[in-house]
Amino acid sequence: MTLVEAITLGIIQGLTEFLPVSSTAHLRVVPALLGWDDPGAAYSAVIQCGTLLAVCVAMWRDIAALLRGFVVGIASRRPWGSPESRVSILILLGTLPIVLVGFALRKLIKGEARRLEVVIAALVAATVLMAVAEWVVRWRSRRGSTGRQGLDGICLSDGLGMGLAQVLALVPGTSRSGVTISCGMLGGLDRRTAARFSFLLSLPAVAAAGLLEAWQERAEIFGSTEAITMAAAGTASAAVVGYVAIRWLLAMLGQHTLWPFIAYRLVLATLLAWSLASGWVPSLG
């Protein structure tokens, strides 16, 4: 891997981790289109640490409030006593499914799940979910419902539902933010609150995946000065671009819908299907 490749992949990771278009799909497909080697699930997970940093910087006020609320709630034996304490516990509960499934299916996720046929199918399936969520929100708005706003409005069903939806993001092409935001919208949250909770919910899972992969693949990723440089370059570019993407998406969803992303995903799925059928991009890198 060259420095240009590392930085490019970091930019792709930072941009697509939070936009509902699937970061793993782009990290699987873009290198193939450019004639580069597949960076692999391990490298993808490591540069996710950059997007983890982006969330921490962009949402540090929320994170600090949740940590403070969690400590106060546990100390006072009233874990459900405040919105901050409740949401922090919901994030922990919502993280359990993806940790358990990710560990059980880790070999499949690193291997056959990265086949282009799987990526295309996941792109289409998750896009349908996003479209359904937008139709439901539109139906509700016509009846005067704008959705629950703010972290105060997040309840147990939101945490569990979005946590289960997050499991689908293990399949390349799905988009963690796409399925969790859509699930939150279907549960009654407004778009911005669903996105806000989606980003916070991703923190433990992304941190665990990145640190675990970094440790398991340490010989390959950190085995030489060049490898360390590539990992650092990818992580840094992912952090910078990820921060911008988070701030932009949260502002955008305050006034706009997911339809532009839905259209993009359908076009991307069509192009990938054509690329696979024509033999331009191999099924498995």
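Per-structure values
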read-out	value
Residue match in the range 21-40 (condition: crowded, with 19+ Cβ neighbours inside 10 Å, in a loop (DSSP other than H, G, I, E, B) and aliphatic (A, V, I, L, M))	yes
Residue count for the range 143-169, restricted to those that are closer than 13 Å to ALA194 by Cβ and part of a loop (DSSP other than H, G, I, E, B)	6
Which numbered condition GLY150 misses (of (1) touching a helix residue (DSSP H, G or I) at 6+ places or on another chain (Cβ under 8 Å); (2) at pLDDT 90 or above)	(2)
Condition check for VAL87: assigned to a helix (DSSP H, G or I), in contact with a helix residue (DSSP H, G or I) (Cβ under 7 Å, 6 or more places away or on another chain), among the β-branched types (Val, Ile, Thr) and within 30 Å of GLU213 (Cα to Cα)	yes
Extreme residue, modelled with the highest pLDDT, among residues of the range 21-50 that are hydrophobic (A, V, I, L, M, F, W, C) and either in contact with a Cys (Cβ under 6 Å, 6 or more places away or on another chain) or within 22 Å of ILE246 (Cβ to Cβ) (or both)	VAL21
Residues of the range 48-104 classified as of a type in the set (S, T, N, Q) and free of Cβ contacts under 8 Å to residues at least 40 places away in the same chain, total	4
Checklist (1) crowded, with 21+ Cβ neighbours inside 10 Å; (2) modelled with pLDDT under 95; (3) not aromatic (Phe, Trp, Tyr) applied to ALA133, failing item	(2)
Subset of the range 99-116 (residues that are part of a helix (DSSP H, G or I) and either in contact with a Leu (Cβ under 7 Å, 6 or more places away or on another chain) or aromatic (Phe, Trp, Tyr) (or both))	VAL101, GLY102, PHE103, ILE109, ARG114, LEU116
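The values are calculated or read from the model by the stated rules, or taken from the named source; none is laboratory data. Model, not experiment: these values are computed from the prediction. In this analysis, Cβ positions are derived from the backbone assuming ideal geometry, glycine residues included, and neighbour counts consider all displayed protein chains.
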